[in-house]
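The values are calculated or read from the model by the stated rules, or taken from the named source; none is laboratory data. None of these values were measured; they are calculated from a predicted model. Methodologically, a virtual Cβ is constructed for each residue, glycine included, from the backbone with ideal geometry; neighbour enumeration extends over all protein chains shown.
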Amino acid sequence: MKNSLGKWILSLLVIYINVLEAQEYVWKVHVNKTKAYVNEAIYLHYSCEFNNSAELYVIEFNPTVDNTKYKIEILSEREQILKGRRVNEYEFVLFVKQAGAFHLSLDTVMKKTNKDSIENGVLGRDNANYEEFVVYPYKQEAIAIDILPIETDLVGSFVLTTSQEPTKIDAYAPYHISYEIKGVGDFQLFKDVNYSIEGVKSFSEPAKLEVELTKEGYKGVWKKKFAFVSDKNFTIPGFRIEYFDLQEQKKKVLTAPKIQIEVVQATFTPVALLDKQEEKSFTFPREYLYYFLSMVFGFLLGRVSLQRGKKELKEYSLCEKIIKMKSLEEAMVYLIVQNKREYIETIKAVERGEINSLSGVKKSLQEYCKAV
């Protein structure tokens, strides 16, 4: 009987302490919608208001998660003192990945420090039996949201813009095109766009994604640029991106149509790239022209495989650069681009077949490079 009475008194004491503890602060929860589509942004606001400055309290509240059912991203976190009372606020953006009834109750930990603990820390006391914090687990108020199904994974509001050049170009001249998608939605769900066209050299920059998280979700822009080089007509395929438009509440499609490119045979020859006084006796193999123009177009793109070329030219002389070449074609491109008389004999020797290797080019230029 005495044991039962003791347990009953202890239970009442625990309840009493919890009630007193709860009176020191109040949590409030706000959600901006009770219905949402799959992957639509849902804004959550949590606030904890204390009845004083609450210097002894520490809040552990970081529900950021990304699993198969939902994703939570933190938008902001702030703490302030208003009229002598401490207020902590947390903003999150929730994305639910599955349709149906969704319920969420987040876990929080309230940790209270004892004044004696603060004194021990300040005075350097060592008390192994002293517990620095009293931990109070707190379960946030549950929220309920009805998640509606959609036909695509991508949801938001988007606009596609295509920037392109005239579709009639010279052979080996680069054709440039760029795509830009602006809007609000989960841009990370975009599938990358790449091209593989037979008989056409394709260059592209990695897609650029510039977004920021807002109450409405991710807001920003997706960009990608391409360049194509060929000596014959070709077609750039189009692409489609399906998404659910939140404003019109229906499925829509971003469409980039296919583009027909007409290629006109070039009217210039590689000889025109050299000094006019040396033009008469010099012709250049057609295959080297292809490598030359492709390399130059790579420079124009700026971020292709030869992107670091400009930096290297600043650090090394031309001859040092040639010595570092890895192929005969690459060396010939640089010799032609520089348009110097000193290199004509070497270029002619390659044309006649007297030099057919990179080591031969380096040997031919070795004496001149030493003199520079």
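Numerical summary
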{"read-out": "Among (1) over 20 Å from Asp153 (Cβ atoms); (2) modelled with pLDDT under 90; (3) assigned to a loop (DSSP other than H, G, I, E, B) - the single one Lys232 does not satisfy", "value": "(2)"}
{"read-out": "Every pair of residues 6+ apart whose Cβ atoms lie under 6 Å, when the first sits in the stretch 67-90 and is closer than 20 Å to Leu104 by Cα while the second is β-branched (Val, Ile, Thr) and not in a strand (DSSP E or B)", "value": "Ile72/Thr64; Ile74/Thr64"}
{"read-out": "Among the candidates Pro174, Pro166, residue that is assigned by TED's automatic domain parsing to the domain that holds Lys223, over 25 Å from Phe61 (Cα atoms) and free of Cβ contacts under 8 Å to residues at least 12 places away in the same chain", "value": "Pro166"}
{"read-out": "Test: residue in the stretch 72-82 that is of a type in the set (Val, Ile, Thr) and modelled with pLDDT of 95 or more", "value": "yes"}
{"read-out": "Count - residues of the stretch 27-63 that are closer than 14 Å to Leu106 by Cα and not β-branched (Val, Ile, Thr)", "value": "12"}
{"read-out": "Residue in the stretch 50-71 that is nearest to Ile145 (Cα to Cα), counting only those that are crowded, with 16+ Cβ neighbours inside 10 Å and either more than 26 Å from the chain's Cα centre (by Cα) or polar (S, T, N, Q) (or both)", "value": "Phe61"}
{"read-out": "Scan of the stretch 191-214 for residues that are buried (at least 18 other Cβ atoms within 10 Å of the Cβ) and in contact (Cβ under 8 Å) with a residue 24 or more places away in the chain, ordered by number", "value": "Val200, Phe203"}
{"read-out": "Search result, residues across the stretch 195-215 that are among the aliphatic types (A, V, I, L, M) and outside any strand (DSSP E or B)", "value": "Ile197, Val200, Ala207"}
{"read-out": "All positions within the stretch 96-138 that are touching an Asp or Glu at 6+ places or on another chain (Cβ under 6 Å) and either outside any strand (DSSP E or B) or modelled with pLDDT under 75 (or both)", "value": "Ser117"}
